Amino acid sequence: MPTSLKTLESFSTALLTLDELPPTASPARLMSDGMAALRALVPFDAAWWGECSGGMDGLAPRNWLSGRLNLGADFAREWNRIGAVDRFAAASMQQLDAAVWSSGYADPEPAVEAFATRHDLFHALAITRALPGSGLMHFIALYRGQQAPAFEAAQRRLFELFSAHLMQRWSRRVTALLGQARAGADAHALVDAAGEFVYLDARLGLWLRERFPAWQGTQLPAELTAGLGAGATSLRVGRRRLSLQRCGELWLLGLAPQRRAPLLPPRELGVALLYAHGHTHKQIARELGLSPSTVRTYLRDAYQRLGVSTKAALARRLEGQALPAKKP
């Protein structure tokens with residue numbers, strides 16, 4: 001179908017909205033203003049965006065940080081409880097750079113159906129793109145309620161095109177801020193004054209999860225947020241140090257390297273090596289005396305610690321490591 005002049009004008013106006021933001025605008029403001037421009041182009045009732053892991057060789061997905069519009073503060077945490085069985089999310093992660101869509105509350109998984117019904121996510125439109133260097137992916141999801149019409153084909157295409165511009169600008173802004181980081185950090189994050197994450201490296205996320213078991217993601221643990229307003233330049237947590245560096249209205253966090261630290265904990269390393277050498281989940285479980293679900297968990301964490309998303313990349317990172325000895 002030919003593109004109308006009105007559609008071209010609307011698309012141009014939406015792009016100009018992004019270009020009018022000052023170069024010092026935070027990534028969070030860029031996304032927020034960008035989503036407002038997108039809403040004028042492709043109307044929606046609610047939206048969710050941010051960083052996620054998962055979709056890597058079938059490993060379970062997880063949301064690490066997010067922004068939202070017309071959705072509750074606990075939306076991301078609720079989704080993390082059902083993410084492993086959310087087929088719509090899995091489809092988006094498996095079809096990178098392409099819009100996926102669905103209509104209806106019905107789902108083979110009762111928990112997913114209940115979640116969609118509770119939040120009136122009758123029509124969904126989403127796109128996921130790789131986020132190089134972070135070990136995570138960036139996503140945008142739009143929703144309409146049951147009383148609204150489905151997303152039309154032309155709207156889905158506009159969403160694909162505009163979200164590419166928005167994500168590219170967001171990624172460039174994050175990269176520019178990370179370029180100001182002091183050398184020598186293993187992983188980085190950007191947070192606002194309230195401790196809300198704007199960007200998170202998967203390796204730093206895994207470290208936070210280990211140090212603070214109750215941590216739910218999306219926001220810096222309360223124990224660390226207090227340090228942002230105290231004028232500290234670093235915080236010590238266990239044997240590691242977290243540097244704090246002001247970047248305009250944001251804080252740049254850097255995790256100091258751990259000397260002589262192994263690539264992975266022993267159990268994760270053994271599982272990752274066997275997987276990289278072609279063993280299946282069941283074979284690894286049998287050989288190491290683990291359950292298949294434990295194997296999947298170790299693999300997910302190994303991928304995120306090493307910042308990889310494919311088996312080939314995993315094998316390259318583990319090159320030179322010895323395979324674990326077989327159980328007698």
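Within the range 108-136, work out how many residues are under 20 Å from the mean Cα position of the chain (by Cα), in a strand (DSSP E or B) and either free of Cβ contacts under 8 Å to residues at least 40 places away in the same chain or over 18 Å from Arg62 (Cα atoms) (or both). Going through the range 108-136 one residue at a time, the tally reaches 5.
Within the range 17-31, being under 21 Å from the mean Cα position of the chain (by Cα) and in a helix (DSSP H, G or I) holds for Pro27, Ala28, Arg29, Leu30, Met31. For the range 137-149, a residue qualifies if it is outside any loop (DSSP other than H, G, I, E, B) and either of a type in the set (Gly, Ala, Ser) or open to solvent by 10 Å² or more (accessible area, probe 1.4 Å) (or both), and the qualifying residues are Met137, Phe139, Ala141, Tyr143, Arg144. Within the option set Glu78, Glu9, being outside any loop (DSSP other than H, G, I, E, B) and touching a helix residue (DSSP H, G or I) at 6+ places or on another chain (Cβ under 9 Å) holds for one residue only, Glu78. With respect to (1) more than 11 Å from Gly195 (Cβ to Cβ); (2) assigned to a helix (DSSP H, G or I), the lone exception for Arg236 is condition (2). Would you mention how many residues in the range 228-258 are more than 28 Å from Pro22 (Cα to Cα) and hydroxyl-bearing (Ser, Thr, Tyr)? So the count comes out to 1. Scanning the range 45-73 for residues that are open to solvent by 40 Å² or more (accessible area, probe 1.4 Å), part of a loop (DSSP other than H, G, I, E, B) and at pLDDT below 90 yields Asp57, Gly58, Ala73. Using the structure shown, decide if Arg172 is in a helix (DSSP H, G or I), at pLDDT below 85 and open to solvent by 20 Å² or more (accessible area, probe 1.4 Å). Taking the combined requirement at face value, the residue does not satisfy it. With the structure loaded, tell me whether Gly179 is more than 18 Å from the chain's Cα centre (by Cα), of a type outside the set (Asp, Glu) and open to solvent by 20 Å² or more (accessible area, probe 1.4 Å) or whether it fails that test. In short, yes.
If you go through the range 184-208 and pick out every residue that is open to solvent by 60 Å² or more (accessible area, probe 1.4 Å) and either free of Cβ contacts under 8 Å to residues at least 24 places away in the same chain or under 15 Å from the mean Cα position of the chain (by Cα) (or both), you end up with 1.
When the range 151-164 is filtered for residues that are surrounded by fewer than 16 Cβ atoms within 10 Å (Cβ to Cβ) and outside any helix (DSSP H, G or I), only Glu152 remains.
Residues to consider are Ala285, Ala313, Ala214; find the one that is within 22 Å of the chain's Cα centre (by Cα), closer than 28 Å to Met93 by Cα and assigned to a helix (DSSP H, G or I). Just a single option satisfies the conditions, and that option is Ala313.
Which residue pairs have Cβ atoms closer than 9 Å, lie 6 or more positions apart in sequence or on different chains, and pair a first residue in the range 6-31 that is open to solvent by 60 Å² or more (accessible area, probe 1.4 Å) with a second residue that is in a helix (DSSP H, G or I)? Taking only residues 6 or more apart or on different chains, the pairs are Thr13/Ala37; Thr13/Ala40; Thr13/Leu41; Leu16/Ala37; Asp19/Arg169; Glu20/Asp33; Pro23/Arg173; Pro23/Ala176. Residue count for the range 231-243 satisfying the condition of being open to solvent by less than 80 Å² (accessible area, probe 1.4 Å), without any contact (Cβ under 8 Å) to a residue 24 or more places away in the chain and not hydroxyl-bearing (Ser, Thr, Tyr): 4.
The values are calculated or read from the model by the stated rules, or taken from the named source; none is laboratory data. Computed from a predicted structure; not experimentally measured. Positions of Cβ are generated from backbone atoms using ideal geometry, with glycine treated the same way; all protein chains shown enter the neighbour counts. For accessibility, only protein heavy atoms count, side chains too; no ligands or nucleic acids. Shrake-Rupley method; radii C 1.70, N 1.55, O 1.52, S 1.80 Å.
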